[in-house]
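Visitor: I have a structure here, written as structure tokens, and I will follow up with some questions on it.
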Amino acid sequence: MTENKNEEQTLENETIEENAAEAVFAEEEIAAEQNQDSVEKDELQLAQQKIAELQAKIEEMDNRYLRLQADFDNSRRRAKLDMEAAQKYRVQSIAGDLVEALDNFERATKIEAENEQTKSLLSGMEMVYKTITDALAKEGIEPISSVGEEFDPRLHQAVMQVQDENFGSNIVVEEFQKGYLLKDRVIRPAMVKVNE
């Protein structure tokens, strides 16, 4: 009987030890699972942070790309407008010199011819004058109409004022020197006398 008791005691002690060992292992497994969960949560937070950083970088790169694209489009548009303006007004520098020559032709054609030779010379000068004015007109260079028009400081340069009842107020009475336009740009304003 004592032996049975000892065996029972030993079995009981072994069961208690096994239960204790199982409890320790269960606690370790729970702790390991909790550690694993904690590590997974940390990794998930790090991954979410990394994703947020990358999304912010992508957005910044997209904005930079859009700004660069807009700058490029604006530069291309400006270059195109500059090229069109250069093409449109390409004759402006030579036109300024040619209108001076036209002034001299006009003065020369106003001379009164006294003999056939002078008349012939004047006729030739008038043909050259007409050819030059036609060529300038083809390039968009036109004289500014002045006499009888209302004074416009963009087109006219007033050098005198008079009081003439035949004309209304602020009307150009006389033109001293022709003005010229190249399309919509003034090459030279007309020098005029204006009624007060």
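Visitor: Being at negative phi and at pLDDT below 90 is true for just one of GLN48, GLN117. Which residue is that?
Guide: Residue meeting the stated conditions: GLN117.
Visitor: Just to be sure I understand, how many residues within the range 158-196 are of a type in the set (S, T, N, Q), over 18 Å from ASP97 (Cβ atoms) and surrounded by 15 or more Cβ atoms within 10 Å (Cβ to Cβ)? Steps first, answer last, please.
Guide: Initially, the range 158-196 is screened for residues of a type in the set (S, T, N, Q), giving 161, 163, 166, 169-170, 177, 195.
Among the residues that remain, those that are also over 18 Å from ASP97 (Cβ atoms) are: 161, 163, 166, 169-170, 195.
Subset that is surrounded by 15 or more Cβ atoms within 10 Å (Cβ to Cβ): 195.
Looking only at that region, the number is 1.
Visitor: If you don't mind, there's one more thing I want to ask. For the range 58-79, enumerate the residues that are of a type in the set (Ser, Thr, Tyr) and more than 13 Å from the chain's Cα centre (by Cα).
Guide: Scanning the range 58-79 gives a single hit, TYR65.
Visitor: Shifting gears a bit: Which numbered condition trips up GLU116, out of (1) surrounded by 10 or more Cβ atoms within 10 Å (Cβ to Cβ); (2) farther than 30 Å from LYS138 by Cα?
Guide: Of everything listed in (1) surrounded by 10 or more Cβ atoms within 10 Å (Cβ to Cβ); (2) farther than 30 Å from LYS138 by Cα, GLU116 misses just condition (1).
Visitor: Evaluate the following for LEU122: is it over 23 Å from LEU182 (Cβ atoms), of a type in the set (A, V, I, L, M) and in contact with a Ser or Thr (Cβ under 8 Å, 6 or more places away or on another chain)?
Guide: Taking the combined requirement at face value, the residue satisfies it.
Visitor: Right, something else. Against the condition at pLDDT 70 or above, aliphatic (A, V, I, L, M) and either in contact with a strand residue (DSSP E or B) (Cβ under 7 Å, 6 or more places away or on another chain) or open to solvent by 90 Å² or more (accessible area, probe 1.4 Å) (or both), how does LEU11 come out, does it pass?
Guide: The answer is no for LEU11.
Visitor: Within the range 148-188, can you find the residues that are within 41 Å of the chain's Cα centre (by Cα), over 19 Å from ILE94 (Cβ atoms) and part of a loop (DSSP other than H, G, I, E, B)?
Guide: GLU149, PHE151, ASP152, PRO153, ARG154, LEU155, ASN170
Visitor: Which pairs turn up if I take residues in the range 138-154 that are surrounded by 15 or more Cβ atoms within 10 Å (Cβ to Cβ) and look for partners that are of a type in the set (Lys, Arg) with beta carbon separation below 6 Å, at least 6 apart in sequence or on another chain?
Guide: GLY140/LYS183; PRO143/LYS178
Visitor: Which one is most open to solvent (accessible area, probe 1.4 Å) among residues in the range 67-112 that are of a type in the set (Val, Ile, Thr) and in a loop (DSSP other than H, G, I, E, B)?
Guide: Only one residue tops the list, namely ILE111.
Visitor: Restrict the check to the range 55-63 and report whether at least one residue is of a type outside the set (Gly, Ala, Ser), part of a helix (DSSP H, G or I) and within 30 Å of LEU181 (Cα to Cα).
Guide: No: zero hits.
The values are calculated or read from the model by the stated rules, or taken from the named source; none is laboratory data. Keep in mind the model is a prediction, meaning the values are calculated, not measured. Glycine also receives a Cβ, built like all others from the backbone with ideal geometry; neighbour counts cover every protein chain displayed. What goes into the accessible areas is simple: the full protein's heavy atoms, side chains included, and nothing from ligands, DNA or RNA. Shrake-Rupley method; radii C 1.70, N 1.55, O 1.52, S 1.80 Å.
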